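Peer 1: Below you'll find the structure I mean.
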Amino acid sequence: MIIAVSGITGVGKSYLKRCIAEELGINNILMVTTRKKRFFDKNGKDKWFVSEKHFEKMKKNNEITLTIEFLKNKYGYYTKEIMGNKDGITEIYFTEVDNFKRKCKNLIAIYIKPTDIEISKEKLRKRKLSEEVIEDRIKEMERQIETFENDKELQAKYDYIFLNDYTNKSRAELIEYIKSKMENRKLVERG
């Protein structure tokens, strides 16, 4: 089973993804990206950071799949991790849920909404990015929220819309939801 989380910048996707992977003992599927590493990013822990040339070579050789371009950077996933048989969790761009569902037959798609967008904006500002990048990301946050809120068909493609209030209680709620889905799948497999 692949769990795919989506949501705006600063909503807690990376943090929640790491918590879920650790608590449930599943693979943390990292994105491959041409985005520059931030001061706190660790290659192989947060994402796989590669050059544009290397990214294109891997894409041509089908080593990566489900590639997109976002804010002038490219993102994708190692094919063997997405198509493998191991349980895993990853982040996806919110409009890519259909593509993931086509590739990953056993996918649980979760959209994470903030209780307060200002908290997400503040978390973004703490990343020590340039003002230009921050402004681009804030515009993208606002556009994504508007798009998601006004598109009922897109919302329906998600298995769960989770409201994150940035508390341990909400984190535990999300983990319990995923745990129940994994247990249900195991019961079905046992028949």
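The values are calculated or read from the model by the stated rules, or taken from the named source; none is laboratory data. Here the structure is a predicted model, which is why all the values come from computation and not from measurement. We place every Cβ from the backbone using ideal geometry, glycine too, and count neighbours over all the protein chains shown.
Peer 1: Please name all residue pairs, on different chains or six or more residues apart, with Cβ atoms under 8 Å, provided the first residue is in segment 13-39 and is free of Cβ contacts under 8 Å to residues at least 60 places away in the same chain and the second residue is among the acidic types (Asp, Glu).
Peer 2: Taking only residues 6 or more apart or on different chains, the pairs are Thr34/Glu52.
Peer 1: Pick out the one residue from Lys103, Lys121, Lys113, Lys57 that is modelled with pLDDT of 90 or more, basic (Lys, Arg) and touching a helix residue (DSSP H, G or I) at 6+ places or on another chain (Cβ under 7 Å).
Peer 2: Lys121
Peer 1: Can you name every one of the helices (runs of 4 or more DSSP H) wholly within segment 48-133 that holds 1 or more residues which are over 22 Å from Gly25 (Cβ atoms), of a type in the set (Asp, Glu) and in contact (Cβ under 8 Å) with a residue 24 or more places away in the chain?
Peer 2: Correct list: 97-103, 117-125.
Peer 1: A further question on this structure: Here is a list of conditions, (1) surrounded by fewer than 18 Cβ atoms within 10 Å (Cβ to Cβ); (2) hydroxyl-bearing (Ser, Thr, Tyr); (3) within 18 Å of Asn106 (Cβ to Cβ), and Ser51 meets all of them except one; can you say which number that is?
Peer 2: Only one criterion in (1) surrounded by fewer than 18 Cβ atoms within 10 Å (Cβ to Cβ); (2) hydroxyl-bearing (Ser, Thr, Tyr); (3) within 18 Å of Asn106 (Cβ to Cβ) is unmet by Ser51, namely (3).
Peer 1: Just checking, how many residues over segment 139-191 are within 16 Å of Ile2 (Cα to Cα), in a loop (DSSP other than H, G, I, E, B) and acidic (Asp, Glu)?
Peer 2: 1
Peer 1: So which residues in segment 164-177 are modelled with pLDDT under 95 and touching a strand residue (DSSP E or B) at 6+ places or on another chain (Cβ under 7 Å)?
Peer 2: Across segment 164-177, the qualifying residues are Asn164, Ser170.
Peer 1: Just the residues that are under 26 Å from Ile175 (Cβ atoms) and exposed (fewer than 13 other Cβ atoms within 10 Å of the Cβ), please, taken from segment 66-79.
Peer 2: none
Peer 1: Something else about it: Taking segment 94-140 as the region of interest, how many residues are aromatic (Phe, Trp, Tyr) and either in contact with a Leu (Cβ under 7 Å, 6 or more places away or on another chain) or surrounded by fewer than 17 Cβ atoms within 10 Å (Cβ to Cβ) (or both)?
Peer 2: The number of residues fulfilling the criteria is 1.
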